[in-house]
Amino acid sequence: TMAHSKALVVLENFIGGKFVPCSSYIDSYNPSTGDIYCRVPDSGKEEVEAAVKAAKNAFPIWSSKSPLERSQILNKLADLIEHDLEAFAQAESKDQGKTITFARTVDIPRAVYNFRFFASSILHHTTECTEMATVGCVHYTSRAPVGVAGLISPWNLPLYLLTWKIAPAIACGNTVVAKPSEMTSVTAWMMCKLLEKAGVPHGVVNVVFGTGAKAGEALVCHPNVPLISFTGSTLTAQRIMEKSAPHCKRLSLELGGKNPAIIFDDADLTQCIPTTLRSSFANQGEICLCTSRIFVQRGIYSEFLKRFVAEAKKWKVGNPSDPTVDMGALISKEHLEKVRSYVKKAQAEGARVLCGEGVDSLPLPPGNQKGYFMLPTVVAEVKDESCCMQEEIFGPVTCVVAFDTEEEVIERANSVKYGLAATVWSSNVGRVHRVAQRLQSGLVWTNCWLVRDLNLPFGGMKASGIGREGAKDSYEFFTEVKTITIKH
């Protein structure tokens, strides 16, 4: 109906400090109802060209500002987002399907903190200097911004992961062309409305909406975009690497995970069980750091399983705007089907589904019957070779298996192509250090999960990515270093 289409949010690209309409649009759905909720520009070469041009024109002025001037602008932007925290949280929850509670307590506060953190860290970097007295030379380094940064962010933590790229990129003096996921573009568009008020000069931050195949491709292939920072799937990253090769682009790629939790029989289960439930099912299991393989030492295997399943069954799934629900909707109909298909494959292979998908019924409120919901699902007796233990599922599904020895579990934990995050549960401090040293994983949490200090390197090994992000690492990625030698 006409009335219905009027209510749709229509997004526009943000180029050179202005909102620019697009000639064609993509429908974006509200995952909790299955209805079309907004229309997103279907940008391509032309729009990306205009955005890169605007970013290139803004670069000389922005890069010549002092770190302090840029820092003040980043802090102002953080304040403005924080002032509208509730509106941002509501939009993120509606657009992505995550619970309002998660958006309110995790996504939007973290987006605010990303700007504050880099506004501060940019003031504290130093360069190196060494002397060679014998030949009368002094060497020192200087760092300068690189140019136009292409930033491509995913749909699971939309504003959180977008700002984690924008903040260091502009703090270092680069200008930006960003492409959020076409499935979750609303909060990026809302942020654009605050840029001028924060004092961000026109053209410093440009946002082009659209698909990876069209808008993302145009950005990655553009000769005037020397850097690409991407968070998303390993498959897309391979394409980005191919397309970047002719231009020798600098890449930072944060990709998938198949993250193990290793639970030794001396683990404190009162801490371990609630934390492992969160690490498996938080944000519908749609976080690259989520646990999807749980290895439990045989001595406590049956007790762990019994308690873990009992607690998983207590999780409430439903309307994301209900503050009492623990889990909202998955991002799309296609993604829900994909996640379900893994559970079916596990069953076909003889694994046991202990709760969730296909086992328990999921009552939904009247308005959410067509939404993309799924219960927290626990699968046991899965073989290590199974695709459910090898491939990233990215949904509320976790596999629990038994192990006997430390040696064995390290080998099994490392036997996947990914290496992003791992958790280890044990009260034996020597074992914790030994195991952490040997896991092929960029991040290892012991007796906790997702405790993050933005100063420290974040990123993965193997197929989980290239490069690291963090105070020092992001600074190094977003600047070009020069060594200068002076003979006196």
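The values are calculated or read from the model by the stated rules, or taken from the named source; none is laboratory data. Keep in mind that what you see is a predicted model, and the values were worked out from it rather than measured. Quick reminder, even Gly has a Cβ in these numbers, built from the backbone with ideal geometry, and neighbours come from all protein chains shown. Please note that ligands, DNA and RNA were not included when accessible areas were found on the heavy atoms of the full protein model with its side chains. Shrake-Rupley method; radii C 1.70, N 1.55, O 1.52, S 1.80 Å.
Before moving on, here are some points about what is shown:
- Pairs with Cβ under 8 Å, 6+ apart, first in the stretch 100-121 and more than 17 Å from Asn455 (Cα to Cα), second of a type in the set (Asp, Glu) and crowded, with 23+ Cβ neighbours inside 10 Å: Ala103/Glu92; Asp107/Glu92; Ile108/Glu92
- Hits in the stretch 323-358 (condition: more than 23 Å from the chain's Cα centre (by Cα) and buried (at least 17 other Cβ atoms within 10 Å of the Cβ)): Val343, Ala346, Ala351, Val353, Leu354, Cys355, Gly356, Glu357
- With respect to the conditions (1) open to solvent by less than 10 Å² (accessible area, probe 1.4 Å); (2) touching a residue at least 40 places away in the same chain (Cβ under 8 Å); (3) touching a Lys or Arg at 6+ places or on another chain (Cβ under 9 Å), Ala178 lacks only one, and its number is (2).
- Complete set of residues in the stretch 456-487 that are under 15 Å from the mean Cα position of the chain (by Cα) and in a loop (DSSP other than H, G, I, E, B): Pro457, Gly459, Gly460, Ser464, Gly467, Arg468, Gly470
- Count - residues of the stretch 326-358 that are under 27 Å from Asp35 (Cα atoms) and of a type in the set (A, V, I, L, M): 7
- Residue in the stretch 402-416 that is within 28 Å of Gly328 (Cα to Cα) and open to solvent by less than 20 Å² (accessible area, probe 1.4 Å) present: no
- Selected residue (only one of Leu305, Leu277 is in contact (Cβ under 8 Å) with a residue 60 or more places away in the chain and either open to solvent by less than 10 Å² (accessible area, probe 1.4 Å) or of a type in the set (Gly, Ala, Ser) (or both)): Leu277
- Scanning the stretch 182-217 for residues that are open to solvent by 10 Å² or more (accessible area, probe 1.4 Å) and under 25 Å from Thr234 (Cβ atoms) returns Glu182, Met183, Thr211, Gly212, Ala213, Lys214, Glu217.
- Checking each residue in the stretch 280-302 for being small (Gly, Ala, Ser) and either open to solvent by 20 Å² or more (accessible area, probe 1.4 Å) or in a loop (DSSP other than H, G, I, E, B) (or both) picks out Gly299, Ser302.
- Residue satisfying condition, being more than 17 Å from Glu12 (Cα to Cα), among the hydrophobic types (A, V, I, L, M, F, W, C) and in contact with a Gly (Cβ under 8 Å, 6 or more places away or on another chain), within set Ala133, Ala144: Ala144
- Residue within the stretch 308-330 that is in contact (Cβ under 8 Å) with a residue 12 or more places away in the chain and more than 28 Å from Arg104 (Cβ to Cβ) present: yes
- Residue match in the stretch 132-139 (condition: surrounded by fewer than 18 Cβ atoms within 10 Å (Cβ to Cβ) and within 18 Å of the chain's Cα centre (by Cα)): no
- Scanning the stretch 8-22 for residues that are assigned to a loop (DSSP other than H, G, I, E, B) and either in contact with a helix residue (DSSP H, G or I) (Cβ under 7 Å, 6 or more places away or on another chain) or at pLDDT below 95 (or both) returns Leu8, Leu11, Gly16, Gly17, Cys22.
- Condition met for Thr398 (within 25 Å of the chain's Cα centre (by Cα), within 26 Å of Arg298 (Cβ to Cβ) and either at pLDDT 95 or above or open to solvent by 50 Å² or more (accessible area, probe 1.4 Å) (or both)): yes
Per-residue answers, yes or no, for (1) over 16 Å from the mean Cα position of the chain (by Cα); (2) open to solvent by 10 Å² or more (accessible area, probe 1.4 Å):
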{"site": "Glu69", "(1), (2)": "yes, yes"}
{"site": "Ile73", "(1), (2)": "yes, yes"}
{"site": "Ala78", "(1), (2)": "yes, no"}
{"site": "His83", "(1), (2)": "yes, yes"}
{"site": "Lys94", "(1), (2)": "yes, yes"}
{"site": "Gly97", "(1), (2)": "no, no"}
{"site": "Ile108", "(1), (2)": "no, no"}
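- Selection from the stretch 47-71 of residues that are in contact with a strand residue (DSSP E or B) (Cβ under 7 Å, 6 or more places away or on another chain) and among the basic types (Lys, Arg): Lys56
- Entirely in the stretch 388-455, the strands (runs of 3 or more DSSP E) that have 1 or more residues that are closer than 22 Å to Pro376 by Cα and touching a residue at least 60 places away in the same chain (Cβ under 8 Å): 397-403, 421-425
- Leading residue by the ranking (farthest from the chain's Cα centre (by Cα)) among those in the stretch 230-253 that are open to solvent by 60 Å² or more (accessible area, probe 1.4 Å) and of a type in the set (A, V, I, L, M): Ala245
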